[in-house]
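> Let me give you the structure first, and then I'll get to my questions.
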Amino acid sequence: MRLGLPAAEAKLYAFLLKSPGLNLRQISEHLKISIPRVYKLIANLKSRGLMISSPRQRSKAYFVVPPAVAASVLTKGFEEKFYTALNLKDELVREVKVLGQPCFNDYSLFEYTNRHAIIHTLKNLIEESRGELMSIMTAGCLIRSVYLFKDEIRSATSRGVKVFILAPFSKAPYGVMLEAMRWGECREVEEVEAKVLLKDSEEAFLTPAKEALNEGDAYEYGVHIRNRSIVNVLRRMFTFLWHSSQPITPQRLRDEVGAKVGVSKATLKA
């Protein structure tokens, strides 16, 4: 299985599908290659968005991303040049069935360092939600979410998922605020320094706001938490902020936006 990767990277990817959660030394021993070489291959897979890691007390445990995420990342670079790349996803799924699915049950924290992997992981969380989605966003994140996750969130609400959003709505365009209000309940908060998504009190995904970072490339970073105790703490913090904030209602939205841009209420209602 090459999947468009160099042979050594494909071999490491296939190996970690069968044996997830190993550290550098263990990978080196199993594949009989030097630790510096393993480190280089891991760095390459991370840069492609195919590798995640979970810190242990003394060393990191390494995993490869789920098949759907890997397929989306890998096909992106080929879709304009090779129409056959659309078959890559099916090939990956078939190979994974042969190799066996990785087990993440013993790990609760994963780091992502690729924008495409982050986006597809967030989409997967939304698609898998069955009860509620809670999110804290910056104004910029709110705008991006409307364009990136609109279909997934609309599908979730059609399944009965309840959506709660905390964001600085007063800084967002009217159309973005209106779309967010269609998703669920919205409340106004001051600008924050991170985006938080909580799914069904089971999982959470955190990404820093671009404005909160000193280095632009560090923006491609996220942390996926699957520990329910930690997620419940984040949920309680969300609930506290929720009850301390002001609700965004259709009438308040019309009043505030109409006053800001000089548009009549009749026009906004229309």
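> For the range 1-70, which trypsin sites (Lys or Arg not before Pro) are in a loop by DSSP, counting at most 14 other Cβ atoms within 10 Å?
Answer in residue order: 2, 32, 56, 58.
> Which pairs in the list 18/60; 18/46; 40/150; 40/195 are over 27 Å apart, alpha-carbon to alpha-carbon?
Pairs exceeding 27 Å: 40/150; 40/195.
> Let me ask something additional. Only counting other Cβ atoms within 10 Å, I'd like 153, 230 sorted with the fewest neighbours first.
230, 153
> At what distance in angstrom do the alpha carbon centres of the range 8-42 and the range 190-210 lie from each other?
Using only Cα atoms to place each centre, the spacing works out to 31 Å.
Values quoted throughout were computed directly from the atomic coordinates according to the rules given, and no laboratory measurement underlies them. Everything quoted here is computed from the prediction, not taken from an experiment. Ideal geometry is used to build each Cβ from the backbone, glycine not excepted, and the neighbour counts take in all protein chains shown.
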